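Contents: one structure, followed by commentary.
The values are calculated or read from the model by the stated rules, or taken from the named source; none is laboratory data. Fair warning: this is a prediction, and the values are worked out from it, not measured in the lab. When we count neighbours, we look across all protein chains shown, and the Cβ atoms used for this are built from the backbone with ideal geometry, even at glycine.
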Amino acid sequence: MLNYRAHAGDPANFAPRVSLSDILENRLTEQELQQFSDRIVLIGITDVTNRGNDSWSTPYGVREVPGVIIQGQMTSHIISAVLEGRNTISWLPLWANLLWVLGWSVLGGLITWYFQRLLSLSLVGAGAIASLYILCSLLFIVQGLWLPLIPPALAFLLTGSSVGYITYRLRKAW
């Protein structure tokens, strides 16, 4: 996963760009040329209107970004991770994700089993879902760890609803 840098919400504007014709025809000032000193320079096509060009979708919307900009984003990502200690985005292995979802499922069942009044069950359930959201957000922001949010929330709610329905039916039958 790529940790994009985006200036004003646009990942295509994270680094300065100069056209090759401006360089070849010597239209740049010395100060403009100096900004590329001791920098990595990528050369590529940035025109996304031609469908034959290399362009990619990003999480920032429907506008496609040129492939050379994506390469620049990747280069920046790797260099800043090494030099600045910027977090890279990581995720858990499949078995750990399954345990994560299973744990929230069990928690939903236990909460429903323990809290039988609707008000307390609703408050504790809402608190658990809010805790799940906060935990996933904090781990992503602080550690760069991508934890699933929707599957454990659905497992929590579905297991809780199932246990609630079964216990209601059993109490009604007695």
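Just to be sure I understand the filter: pairs with C-beta atoms under 6 Å, separated by 6 or more residues or on different chains, first member in the stretch 102-116 and within 9 Å of Ala155 (Cα to Cα), second member at pLDDT below 95 and β-branched (Val, Ile, Thr). Which pairs pass?
Qualifying pairs under 6 Å: none.
Would you check if Trp100 is within 20 Å of the chain's Cα centre (by Cα) and within 30 Å of His7 (Cα to Cα)?
no
If Glu64 satisfies all but one of (1) surrounded by fewer than 15 Cβ atoms within 10 Å (Cβ to Cβ); (2) modelled with pLDDT under 95, what's the number of the condition it fails?
So Glu64 meets the others, but not (1).
Output yes when any residue across the stretch 154-162 is surrounded by 13 or more Cβ atoms within 10 Å (Cβ to Cβ), aromatic (Phe, Trp, Tyr), assigned to a helix (DSSP H, G or I) and touching a residue at least 12 places away in the same chain (Cβ under 8 Å), and no when none is.
There is at least one residue in the stretch 154-162 that is surrounded by 13 or more Cβ atoms within 10 Å (Cβ to Cβ), aromatic (Phe, Trp, Tyr), assigned to a helix (DSSP H, G or I) and touching a residue at least 12 places away in the same chain (Cβ under 8 Å).
Are any residues in the stretch 76-123 surrounded by 15 or more Cβ atoms within 10 Å (Cβ to Cβ) and over 30 Å from Asp38 (Cβ atoms), and if so, which ones?
Asn97, Trp100, Val101, Trp104, Ser105, Leu107, Gly108, Gly109, Ile111, Thr112, Phe115, Leu121
May I ask you to verify whether Leu145 is surrounded by 13 or more Cβ atoms within 10 Å (Cβ to Cβ), within 29 Å of Ile40 (Cβ to Cβ) and not assigned by TED's automatic domain parsing to the domain that holds Ala15?
On the way: surrounded by 13 or more Cβ atoms within 10 Å (Cβ to Cβ): yes; within 29 Å of Ile40 (Cβ to Cβ): yes; not assigned by TED's automatic domain parsing to the domain that holds Ala15: yes.
It is true that Leu145 is surrounded by 13 or more Cβ atoms within 10 Å (Cβ to Cβ), within 29 Å of Ile40 (Cβ to Cβ) and not assigned by TED's automatic domain parsing to the domain that holds Ala15.
Looking only at helices (runs of 4 or more DSSP H) that lie completely in the stretch 1-104, which have at least 1 residues being over 21 Å from Val142 (Cα atoms) and among the charged types (D, E, K, R)?
Filter on the stretch 1-104 gives 20-24, 30-34.
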